[in-house]
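These notes are about the structure you will find just below.
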Amino acid sequence: IFIVLGIPICEFVFDNTVAGIYLSQCAWIIIPMGIAQISTSILNALNQEQKTFIYYIISSLFMFVVILIFPRLVGIRSMLYSIGISNIVLTCLNVIKIKKMTNYSYKISNKLFIQTLVILPIMLVCKISYNWLSIITGRLFSIIVCSIICVVSYFMLIFTFDIVDFKTVKNLLSRNSKKTRPTVNT
């Protein structure tokens, strides 16, 4: 949503196109940042706080080096690249450590690749939908409708391509709903 609709969102909220361009350019950071945070939490739960701290220092060194080198090449965007690269390094170190500790064989790279491929047509549909809707309706309505289209399309495609198992999600939701239901004593 932020890659495609960053500019219209920032123009609507802040009346600033440059902020929207920057938001669209740095939206990709959300994925490695989220995986880095989740994998760090997993390692902390496995009593690996010292390792996560060391990995954080290593990833921060990468960020520092990129901040020193990239401004000459890409200007202000060097900050977003440095944060992204730092989180990618942290994610890789964490995932390798988790795999070594748990001996869990999983194909996360295949799932991420398929998920990336799924995102591309959704971005195209969202962009086309926004361009058409913004001609007919107002900006806010177009942003809302296109955001809904993005989210619904995304979930439909990740279930279609078996990125997320529907049965697992259904079981998790039914288990959570049973816990929250009040019991009636008669």
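The values are calculated or read from the model by the stated rules, or taken from the named source; none is laboratory data. Not measured: the values here are computed from a predicted model. Don't worry about glycine lacking a Cβ; one is built from the backbone with ideal geometry, like all the others, and counts go over all protein chains shown. These accessible areas exclude ligands, DNA and RNA; they are computed on the full protein's heavy atoms, side chains included. Shrake-Rupley method; radii C 1.70, N 1.55, O 1.52, S 1.80 Å.
In segment 1-27, what residues are of a type in the set (Ser, Thr, Tyr) and open to solvent by 70 Å² or more (accessible area, probe 1.4 Å)?
Result: 22, single match.
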Looking at segment 170-186, which of its residues are aliphatic (A, V, I, L, M) and at pLDDT 70 or above? 172, 173
Residue 119 - would you say it is closer than 19 Å to residue 28 by Cα, open to solvent by 60 Å² or more (accessible area, probe 1.4 Å), at pLDDT below 90 and part of a helix (DSSP H, G or I)? no
With more than 18 Å from residue 2 (Cβ to Cβ), surrounded by fewer than 16 Cβ atoms within 10 Å (Cβ to Cβ) and β-branched (Val, Ile, Thr) as the only criterion, which of 85, 42, 54, 30 stands out? 54
I'd like the residue in segment 146-168 that is over 30 Å from residue 15 (Cα atoms) and touching a Phe, Trp or Tyr at 6+ places or on another chain (Cβ under 8 Å) and, out of all such residues, is surrounded by the most Cβ atoms within 10 Å (Cβ to Cβ). 159
Would you say residue 78 is of a type in the set (Ser, Thr, Tyr), over 23 Å from the mean Cα position of the chain (by Cα) and assigned to a helix (DSSP H, G or I)? no
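Identify all residues within segment 64-82 that are surrounded by fewer than 17 Cβ atoms within 10 Å (Cβ to Cβ) and not β-branched (Val, Ile, Thr); write none if there are none. Give the steps one after another, and end with the answer.
Keep residues of segment 64-82 that are surrounded by fewer than 17 Cβ atoms within 10 Å (Cβ to Cβ), which gives 64-65, 67-69, 71-77.
Hits for segment 64-82 are 64, 68, 71, 72, 73, 75, 77.
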Count of segment 124-145 residues which are open to solvent by less than 60 Å² (accessible area, probe 1.4 Å) and either closer than 22 Å to residue 158 by Cβ or not in a helix (DSSP H, G or I) (or both): 6
Which of the residues that make up segment 135-158 are under 13 Å from residue 6 (Cα atoms) and at pLDDT below 90? none
Looking at segment 100-107, is at least one residue modelled with pLDDT under 90, aromatic (Phe, Trp, Tyr) and surrounded by fewer than 16 Cβ atoms within 10 Å (Cβ to Cβ)? yes
